[in-house]
1. Looking only at the range A:167-213, count every residue that is over 19 Å from residue A:302 (Cα atoms) and either assigned to a helix (DSSP H, G or I) or modelled with pLDDT of 95 or more (or both) and tell me the total.
2. Restricting the search to the range B:9-38, which residues are open to solvent by less than 70 Å² (accessible area, probe 1.4 Å), within 28 Å of residue B:223 (Cβ to Cβ) and not in a loop (DSSP other than H, G, I, E, B)?
3. Out of all the residues in the range B:137-193, which are basic (Lys, Arg) and in a helix (DSSP H, G or I)?
4. Considering (1) surrounded by 20 or more Cβ atoms within 10 Å (Cβ to Cβ); (2) within 11 Å of the chain's Cα centre (by Cα), say which one residue B:253 fails and leave the rest.
5. Given (1) under 18 Å from the mean Cα position of the chain (by Cα); (2) closer than 19 Å to residue B:120 by Cβ; (3) open to solvent by 20 Å² or more (accessible area, probe 1.4 Å); (4) not charged (D, E, K, R), identify the lone condition not met by residue B:203.
6. Could you list, in sequence order, the residues of the range A:238-258 that are more than 17 Å from residue A:179 (Cβ to Cβ) and more than 10 Å from every other protein chain (Cβ to nearest Cβ)?
7. Just to be sure before I move on: is residue A:181 among the aliphatic types (A, V, I, L, M), open to solvent by 20 Å² or more (accessible area, probe 1.4 Å) and away from every other protein chain (no Cβ under 11 Å) in the structure I sent?
8. Identify, please: which residue in the range A:65-74 is assigned to a loop (DSSP other than H, G, I, E, B) and surrounded by 14 or more Cβ atoms within 10 Å (Cβ to Cβ) and is, among those, farthest from the ligand (Cβ to nearest atom)?
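The values are calculated or read from the model by the stated rules, or taken from the named source; none is laboratory data. Since the structure is predicted, the reported quantities are computational estimates derived from the model, not experimental observations. Cβ placement follows ideal geometry from the backbone for every residue including glycine, while neighbour counts extend to all protein chains displayed. With ligands, DNA and RNA removed, areas are computed over all heavy atoms of the protein, side chains included. Shrake-Rupley method; radii C 1.70, N 1.55, O 1.52, S 1.80 Å.
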Amino acid sequence: MRAKPPLKNPILRTRQPLTPPMPRSRAALGFTARAAEGLFALQRCENCGHVQYPPADSCRACLSEALLWTPMSGRGELLAHTTLRHSNDPFYRERLPWRLGLLRLEEGPVAVAHLHRDCPPPPAAVRVTAKLDKAGQGVLVALPEDELGDMSADPRHGEFSCGPEHRKVLVTDGKSQVGQALVRELAAAGAAVIWAGLAEPWKRYAGQDAIGKLPQVTVIPLDLTDERGIKRIGAELGGRVDILINNAEVHRTQGIAGSGGAEQARREMEVNYLGLLRLAQAFGPAMRARGADGGASATAWINVLSVYALSNYPPQGTYSASKAAALSLSQCLRAEMQDAGIRVVNVFPGPIDEEWNQPLPPPKLAPERLARDIVEALRDGIEDLFPGEVAKEWLERWKDNPKVLERELALESRAA
Amino acid sequence: MSGLLRELLAAIAAGKIKVIDLTHTLTPSFPQLGLPPEMGQALPYRSEEISRYDSRGPAWYWNNFTLCEHTGTHFDAPIHWVSGRELPNNSVDTVPPEQMIAPACVVDCTEDAERDADFLLTRERLEQWEAEHDRIPAGAWVLMRTGWARRADDPVAFQNYDEIGQHTPGPDVGCVRFLVDERDVLGFGTETIGTDSGQAQRLNPPYPCHYYMHGAGKYGLQCLNNLDQLPPVGAILFTAPLKLEEGSGSPLRVLALSPARRHSVP
Ligand SMILES: [Zn+2]
């Protein structure tokens with residue numbers, strides 16, 4: 001568990017966020033893209049079987065360009081270690097001493113990795129993982145083999161994680177089933193303060209009173225269609241929120257033919273897309289300024305999107321379009337938050353087991369499972385979360401061929 | 001200027017006739033009508049800045065606002081209801097302007113609504129009111145005063161929902177039939193979110209005030225404010241809706257002219 005950060009001296013200057021060096025080759029970004037999903041994969045040569053690190057455009061053994069990204073076992077042996085006590089890079093200078101190790105992966109390659117505090121001296125077996133660093137770039141991190149643990153026990157390695165422990169979290173909709181599950185999960189995970197947004201307070205939802213009674217929770221009026229209201233809340237809380245979870249959404253189940261006008265679709269766009277824009281304008285600048293605010297800095301922004309953001313699901317066609325718009329905007333937000341070291345996490349659930357998906361057959365994602373996966377994603381520091389089997393299957397089909405997926409979904413929705 | 005109008009202005013200037021604003025301020029938190037979420041929804045009031053003496057407009061401040069025809073203090077035209085859809089001049093743009101100035105009868109149901117949020121105003125109650133004051137004249141507004149406007153700062157209390165829906169006062173079927181068939185009123189006004197009661201979907205017909213009033217070409221006023229400042233008889237209402245083509249209703253500023261109370265507190 002991440003240790004409780006010391007209280008900050010309020011008369012000292014807040015440090016400006018710094019990030020580790022960023023430029024990476026296209027091949028290296030392939031490694032980052034997989035680390036963003038929590039996968040550790042390296043290139044294996046289809047010609048000679050050589051596994052290589054760092055990634056490159058061709059095989060270092062035989063020059064073949066037929067390289068296949070292949071999941072690694074994560075088992076490795078620490079060969080040598082050192083502790084960095086001097087660095088010319090401003091990011092590392094602030095974080096010295098920094099432990100590095102040379103290790104050999106089970107699959108062959110020898111690589112330099114960030115070394116967890118608790119890794120024994122060499123020779124020793126280690127667990128090797130692919131993580132995103134503060135700049136959002138994929139790096140290797142070695143952990144002690146025998147500990148199930150939790151990287152965040154090493155404060156240096158908190159740089160690779162955004163866990164909610166001792167942090168102040170805003171959940172933009174605390175009323176929905178997903179919102180209530182998120183609030184409960186964050187409270188159980190040790191969040192210090194949770195603000196739960198409440199739109200249209202006169203509409204009552206089962207369970208919302210219980211959420212408000214949790215000691216960490218403050219219910220606040222928040223309606224993503226209300227620019228003035230968001231500005232006011234942003235001014236009040238923007239400088240305090242460490243993690244913002246935007247789960248507010250309007251979800252209607254209609255395509256084009258069934259919708260009769262743009263009114264419902266407009267409300268989806270108002271909340272799902274423009275709501276994100278309004279939030280980002282109200283909270284983004286203050287959070288960026290607090291990217292390095294001691295141990296309790298602003299650290300993550302989560303958008304609960306939908307797997308339908310990847311490809312339109314015609315029975316929920318206008319909803320899909322609003323989530324696709326939100327995904328695009330979230331990419332912009334990620335680019336703008338990157339310099340501050342604030343991780344923007346996109347969550348792509350398949351159908352959630354909530355009222356608007358009532359006619360859909362299982363499997364549906366339980367709100368509690370989604371909440372657990374989101375908290376886990378924060379701890380793991382990943383950037384793209386596909387919770388549940390349906391979402392993972394869609395992702396595979398989409399990666400395989402987006403056009404084929406489009407045709408499949410059209411056929412599936414005719415059958416439905 | 002005619003003598004009459006000059007006298008009127010003089011009376012207003014002298015405070016003998018009060019101008020009373022019966023309108024709530026439009027704010028983003030003012031609640032809108034609640035319907036099952038799968039149905040089309042009335043937009044609440046929203047305002048987004050165009051510029052505020054800044055790079056978006058260096059010397060000026062202005063906003064775009066959005067809202068429904070039925071948001072905040074608003075006017076209902078006959079075309080709003082299916083029963084009034086075939087009538088002539090049934091939309092806000094065709095309301096005869098002479099009807100935008102009319103007398104008001106105010107029926108005080110404040111104590112009843114405090115006792116029972118589902119209070120229904122009856123014909124008997126109106127006849128009792130007439131016995132005390134005067135016969136309700138043809139072409140007059142009948143305003144149901146309930147004190148509900150005092151709840152406007154608290155959307156939860158104003159809407160007053162529980163598991164079976166909304167609990168707000170309104171007229172019963174007999175009351176509406178009496179006003180339409182036997183008194184030929186101009187329309188019916190309330191302090192609540194609708195001219196019908198919160199549980200009116202369970203009356204027969206559902207929403208009788210909408211059904212019969214609009215079916216007979218009468219109007220509605222909702223979310224009225226400051227009715228406690230009006231006398232039971234003697235006030236005149238100014239109710240000019242926006243001239244929206246084929247509009248079913250319109251937010252509006254409702255003003256009343258009311259004789260100053262003779263023995264009011266100095
Ligand atoms: Zn090779």
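1. Looking only at that region, the number is 6.
2. B:12, B:17, B:20, B:21 - these are the residues of the range B:9-38 that are open to solvent by less than 70 Å² (accessible area, probe 1.4 Å), within 28 Å of residue B:223 (Cβ to Cβ) and not in a loop (DSSP other than H, G, I, E, B).
3. Quick first cut of the range B:137-193, residues basic (Lys, Arg) only: B:145, B:150-151, B:177, B:183.
Across the range B:137-193, the qualifying residues are B:150, B:151, B:177.
4. (1)
5. Tallying (1) under 18 Å from the mean Cα position of the chain (by Cα); (2) closer than 19 Å to residue B:120 by Cβ; (3) open to solvent by 20 Å² or more (accessible area, probe 1.4 Å); (4) not charged (D, E, K, R), residue B:203 fails exactly one: (1).
6. From the range A:238-258, those more than 17 Å from residue A:179 (Cβ to Cβ) are A:238-240, A:242, A:252-258; that's our starting set.
Once the filter is applied, which keeps residues that are more than 17 Å from residue A:179 (Cβ to Cβ) and more than 10 Å from every other protein chain (Cβ to nearest Cβ), the range A:238-258 yields A:238, A:239, A:240, A:242, A:255, A:256, A:257, A:258.
7. On the way: among the aliphatic types (A, V, I, L, M): yes; open to solvent by 20 Å² or more (accessible area, probe 1.4 Å): no; away from every other protein chain (no Cβ under 11 Å): yes.
So residue A:181 does not fit the description; no.
8. Initial filter on the range A:65-74 (assigned to a loop (DSSP other than H, G, I, E, B)): A:65-66, A:72-74.
Okay, now just the ones that are also surrounded by 14 or more Cβ atoms within 10 Å (Cβ to Cβ), so A:72, A:74.
Values: A:72: 17, A:74: 23 Å.
Among residues in the range A:65-74 that are assigned to a loop (DSSP other than H, G, I, E, B) and surrounded by 14 or more Cβ atoms within 10 Å (Cβ to Cβ), the one farthest from the ligand (Cβ to nearest atom) is A:74.
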